[in-house]
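Take a look at the structure below.
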Amino acid sequence: MKKILIITYYWPPSSGSGVQRWLKFSKYLIDYGWKPIIVTPQNPYKALRDNGLEKNISNKIDVIKFPIWEPYRLKDNLFGKSKKFQTSGIFLNRKSLKNKLLNWVRGNLFIPDPKKYWVKPTTSNLKSIIDEQKIEYIISTGPPHSMHLIALNLKSIYKNIKWIADFRDPWSHLDILKEFKLTRSSFRKHKILENNVIKNANIVLTVSESWANDFIKLGAKNVEIIRNGFDEEDFINFKPRATKKFIIGHFGVMNHLRNPSKLWESLNELCDDNIEFAEKLEIRLSGNVEDKILDEIRSYPNLKSKLVVLGFLEHSDVIKEYSIVNLFILLLFNSKSGQGNYPGKLFEYLATKKPIISFGPESSDVKNFFSNGFGFYNSYLTDVQIIKKNILDIFTNNFEKRNFDTSIYSRKFLTQRLVKLIEKL
């Protein structure tokens, strides 16, 4: 079996969207004659665990773990741990002086991210492994983009190694950087590091056309696109279940950058307009949902009693929730970088063959995708009457249902495409 080193911060039992992409690629690489060697932190700062994901890890996969020190632990000691804290994003988005300071420190002192202290020791540790196992291929996936810096260091030592830098999100073009109030000097450092990565990687891999074009404009020479997808094995026993409710569901992060305020207004008005709709409506939210959004939903008199907050669910339980949902909510960043955002949940929603209502920027790759009949797309500024019509059409089953081939979005099919890229190097 040919060996390929995969450097990733996110790996089971950590949970979240950052885990799924390379967990699933690794699972199916074996079927195509490749042996993944996963390099990941031994003690990552992780708020949530999903032990069920470990069943995807074949005993043919080697997982190598090295210790990591992260300044988040220092932050916890000084200020306490926030239940809403996300290691890939902002410390806190409430605009207190303390949080503004923490954001500034995060953005300007920890470049490209707080995992930077793992770069040097991991580079050193991997040299003997590369030598002993005669590894010729490396994949790094970010964010966090410190993973790319490890691969960049190794590429500078082993000139003949073939390297794919996978970007699940942009780097310098990610709008969330604005939250960190970067100085010109700090932003320049990000740009220099990004430039070194994209110009030295043999392939820059990303998930959407918009982001691919951004990397080309930044100087990347060989840019490829492989979208996220769904694992057919997760849906082997999936069966839609009818309930007496009309259930609208969202699964994942819902924050100030992804808040469909017009949707809540539309649902409240529909309850006034339609007694049957009001009796049947239920809103089920799973994942990290900001308190301000929950307060906003509850502020509508018709919605307060309709809201069910599920909290964190393991992935297997999320799939079970899908079975009772009548309409999925898909949210993109309400920002420029949201134009290329292809959430992994999109493809799981497609696998259920159920309707989707999406909110994002005025133009986006997902909007173009939905033009093929995959769902209803709205900008965050779409008129309430249009949103109400979309929802009512679904509620009354008065919309065109299209049959489409979901197999091209299966993780196994996408891994086959990845293998073709690797073998072209």
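Bear in mind these aren't lab numbers, they're just calculated from the coordinates by the rules spelled out. What you are looking at is a predicted structure, and each value in this text was computed from that prediction instead of being measured. Heads up, the Cβs are rebuilt from the backbone with ideal geometry, glycines too, and the neighbour counts pull from every protein chain shown.
Ordered from longest to shortest, the equivalent ellipsoid semi-axes for the chain are 37, 25, 20 Å, each the square root of 5 times a Cα gyration tensor eigenvalue. Close amide H pairs (under 5 Å, H built 1.01 Å from N) link residue 35 with 2, 3, 4, residues at least 5 positions away or on another chain. Between 0 and 90 degrees, the angle of helix 261-273 with respect to the longest Cα principal axis of the chain falls at about 20 degrees. For the options 414, 149, 294, a Gaussian network treatment of the chain with springs between C-alpha atoms closer than 10 Å singles out 294 as fluctuating the most.
Across region 243-252, rounded Karplus estimates of 3J(HN,Hα) from the backbone phi angles (6.51 cos²θ - 1.76 cosθ + 1.60, θ = phi - 60°) give 10, 7, 9, 9, 9, 9, x, 10, 10, x Hz, Gly and Pro being marked x. Ranked by how many other Cβ atoms sit within 10 Å of their own Cβ, fewest first, the residues 290, 279 fall in the order 279, 290.
Rounded to whole numbers, the Karplus 3J(HN,Hα) couplings from phi for region 115-129 are 8, 4, 6, 8, 5, 5, x, 6, 4, 4, 5, 7, 4, 5, 5 Hz, using 6.51 cos²θ - 1.76 cosθ + 1.60 with θ = phi - 60°, and x at Gly and Pro.
For region 232-395, just say rounded, prolate or oblate: build the C-alpha gyration tensor, square-root its eigenvalues into a ≥ b ≥ c, call rounded for a/c under 1.5, and beyond that prolate if a/b exceeds b/c, oblate if not. Rounded shape, in that the Cα axes give a/c under 1.5.
Residues whose amide H comes within less than 5 Å of that of residue 377, counting only those at least five positions distant or on another chain, are 358 (H built at 1.01 Å from N in the peptide plane).
Taking other C-beta atoms within 10 Å as the exposure proxy, 243, 123, 141 rank 243, 123, 141 from fewest upward. Neighbour counts of C-beta atoms inside 10 Å place 147, 1 in the sequence 1, 147, starting with the fewest. Using the Cβ of residue 399 as centre and a radius below 11 Å, the other residues enclosed give a net charge of +1, where K and R count +1 and D and E count -1. Over the chain, DSSP H runs of length four or greater, each weighted -39,500 (n - 2.57), average out per residue to a 222 nm ellipticity of -11500 deg cm²/dmol. Here's the list of lysines a cross-link from residue 262 could span, going by alpha-carbon distance under 18 Å and ignoring same-chain residues fewer than 8 apart: 292, 304, 306, 367, 388, 389.
In loop segments of region 124-176 as defined by DSSP, the trypsin sites (Lys or Arg not before Pro) with at most 15 further C-beta atoms inside 10 Å of their C-beta are 134, 159. Loop-resident trypsin sites (Lys or Arg not before Pro) (DSSP state other than H, G, I, E or B) in region 25-67 with no more than 13 further Cβ atoms inside 10 Å of their Cβ: 60.
The GluC sites (Glu not before Pro) of region 322-425 that meet both conditions, a loop assignment by DSSP and at most 14 other Cβ atoms within 10 Å of the site Cβ, are 362, 400.
Near residue 158: Cβ cut-off under 15 Å, other residues only, Lys/Arg at +1 and Asp/Glu at -1. The net charge is +3. Other residues within the sphere of radius under 12 Å centred on the Cβ of residue 243, judged by their own Cβ, net out at +3 (K and R +1, D and E -1). Comparing Cα centroids, region 273-293 and region 215-248 end up 23 angstrom apart. For the chain, a Gaussian network of Cα nodes joined below 10 Å ranks 330, 350, 109 by mean-square fluctuation, and the top entry is 109.
The GNM of the chain, with springs linking C-alpha atoms under 10 angstrom apart, assigns the highest mean-square fluctuation among 398, 213, 288 to 398.
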